[in-house]
Amino acid sequence: MDRQQEFVLRTIEERDVRFVRLWFTDVVGSLKSVALAPAEVEGAFEEGLGFDGSSIEGLARVFESDMLAQPDPATFQILPWRGETEATSRMFCDILTPDGEPSAADPRNVLKRNLAKAADMGFTCYTHPEIEFYLLKSQHPGPDGAPVPVDEGGYFDHVPGGVAQDFRRTAVTMLESVGISVEFSHHEAGPGQNEIDLRYADALQTADNIMTFRTVIKEVALQQGTYATFMPKPFTAHPGSGMHTHFSLFEGDTNAFYEAGAEFQLSETARQFIAGILKHAPEFTAVTNQFVNSYKRLWGGGEAPSYLSWGHNNRSALVRVPLYKPGKGQSARIEYRGIDSAANPYLAYAVLLGAGLKGIEEGYQLPAAAEDDIWSLSSAERRAMGHDPLPASLHDAIRTMEDSELMPQILGEQVFEHFLRNKRAEWQDYRLQVTPYELQRNLAIL
């Protein structure tokens, strides 16, 4: 037994932890949880906990349903919202096959495989997400059928006596108590919309942190009599919720994206990484923007990027190179602005990293940076400048992903097929719906 496992068992005993929750996700990123008695934890470390994988979306087929959940002791945390009496803790799990091999269908394993590939190339990947969400008075819509936000505040607004300020203070305190460092928190542009930025960490830890973050945010909201949603675009007239993520690759202690004196201080490695993301973005958009509603955000305005482009500090670009600060070469990074806050973080980071590494491997050439506001250009101007559009709907994104050679390599055939099957079913359900828009527009005149 290693030291981390011993630490977990000792903490469970000293803190009188009564329930140990084992967490993992299905293929679309829904959190799954099973509560373990403290006496069973040591056995779970050694042998894993058996469960029926065929009942979890995308994890196993019926004829190979037996799976094992093996807790990762490095992810052990007490859950503060459960209180001190009968304390509850959690650990993330790796999913194994009955013979103890990592499951090809486990989203966490998909990211670990791609991080291992980066390590083989000499890189460690760090990420820093900016997570947006809406705080609503209830999960039920108001009389007009639209959600009801908790306030009418805007970007960076300080609302005296505001619900959102108390909410953010409590949420940040709770996040830090489970080991998640927060860099910023503020009111975003939409009414009731908030943003909390997590401090940079390696990509696997970040993905685990995002899954914990969503749970913490929803728990704090419920405690305060409100409701938090990560739905990409709950309002027609207000901005959607994104999860802009900053990426950097390090070679040992050296930032591989930094080159003093180069244009924007960007190294050739960074330029090839961006080129890989731009070339393959249409193929992975179904993963980073996985719901029907995601495309209402991408194509609904409100600073969401819709075209293949990159730029230095250009917020209309899909990939932004943040402003360089003199003497801060170690902070050189790129920001991918397409991803929304409802994505499965394990798969989303895997495809972004995999596409960037492909650019480095193949020596992709980066096109010229976009200096204009891409939203203000005409369609002809965008075409002439090579700013091709991202998929316009989930259907388009599915079709583009189906034709990709790279996505099955990054995700593995099993996750690739299960993910597409789930998304095809969602699109089929959606296109059968008669929406309020159609009834309002057509019923009285047709």
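Each value in this text was obtained by applying a stated rule to the coordinates, not by laboratory testing. Here the structure is a predicted model, which is why all the values come from computation and not from measurement. Here the Cβ positions follow ideal geometry from the backbone for every residue, glycine too, while neighbour counts run over all protein chains shown.
Using 0.36 nm per residue, how much length does the chain from residue 119 to residue 365 gain when fully extended, once their Cα-Cα distance is taken away? Display every interim value, and only then the final one.
Working: separation 246, 0.36 × 246 = 88.56 nm, distance 2.29 nm.
Taking residue 119 through residue 365 to full extension adds about 86.3 nm, to one decimal.
Once the piece of chain linking residue 202 and residue 331 is laid out straight, how much longer is it, given 0.36 nm per residue of separation minus the C-alpha distance between them? Don't jump to the answer; show the numbers that get you there.
Working: separation 129, 0.36 × 129 = 46.44 nm, distance 1.40 nm.
Length gained, residue 202 through residue 331: 45.0 nm.
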### Two-site label geometry, residue 392 and residue 7: point separation in nm, points 7 Å out along Cα→Cβ
5.3 nm
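Taking the number of other C-beta atoms within 10 Å as the exposure measure, put 52, 372 in order starting with the fewest. Write down the numbers at each step before the final one.
Working: 52 12, 372 16.
The fewest-first ordering by Cβ neighbours comes to 52, 372.
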### Query
Roughly what would the spin-label model give for residue 437 and residue 268, points 7 Å off Cα along C-beta, in nm?
4.7 nm
## Note on the structure
Taking a ≥ b ≥ c as the square roots of the Cα gyration tensor eigenvalues, with a/c under 1.5 meaning rounded and otherwise prolate when a/b beats b/c or oblate if not, the stretch 321-418 comes out oblate
### Task
Could you list 395, 244 in order of exposure, starting from the residue whose Cβ has the fewest other Cβ atoms within 10 Å?
395, 244
### Message
Using a 7 Å offset from the Cα along the Cα-to-Cβ direction at both residue 176 and residue 313, what is the distance between the two label points in nm, to one decimal?
### Response
3.0 nm
### Cα-derived Rg over Rh, computed across the chain with Rh taken as Kirkwood radius
0.96
#### Entry: Per-residue ³J(HN,Hα) for the stretch 224-238, Karplus 6.51 cos²θ - 1.76 cosθ + 1.60, θ = phi - 60°, Hz, x for Gly and Pro
9, x, 10, 9, 9, 10, 9, 3, x, 8, x, 10, 5, 8, 10
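Using per-residue counts of other Cβ atoms within 10 Å, averaged over each peptide, order 348-356, 190-198, 311-319 from highest down. Present the calculation step by step, with values, prior to reporting the outcome.
Numbers: 348-356: 27.8, 190-198: 23.0, 311-319: 20.0.
Most protected by this proxy first, the peptides run 348-356, 190-198, 311-319.
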### Of 233/328; 137/279; 112/137; 117/328, pairs whose Cα-Cα distance is over 31 Å
233/328; 137/279; 112/137
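Using 0.36 nm per residue, how much length does the chain from residue 236 to residue 424 gain when fully extended, once their Cα-Cα distance is taken away?
Working: separation 188, 0.36 × 188 = 67.68 nm, distance 2.43 nm.
Result for the pair: 65.2 nm of gain on full extension.
Given an 8 Å cut-off on Cα distances and at least 6 residues of separation, report the relative contact order of the chain as a percent.
15 percent
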### Query
If you average 1/r over every pair of different alpha-carbon atoms in the stretch 296-353 and take one over that average, what Kirkwood value in Å do you get?
12.7 Å
### Task
Please report the Cα spread of the stretch 3-102 along all three principal axes, rounded to whole Å, starting with the longest.
42, 26, 19
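Could you tell me which trypsin sites (Lys or Arg not before Pro) in the stretch 4-59 are loop residues by DSSP with no more than 13 other beta carbons within 10 angstrom of their beta carbon? Could the numbers behind the result be given before it?
Details: sites: 10, 15, 18, 21, 32; in loops: 15.
Sparse-neighbourhood loop trypsin sites (Lys or Arg not before Pro): 15.
Run lengths n ≥ 4 of DSSP H only: what is the helix-derived mean residue ellipticity at 222 nm for the chain, with -39500 (n - 2.57) per run over all residues, to the nearest 500?
Working: 13 runs with 160 residues, N = 446.
Taken over the chain, the calculation gives -11000 deg cm²/dmol.
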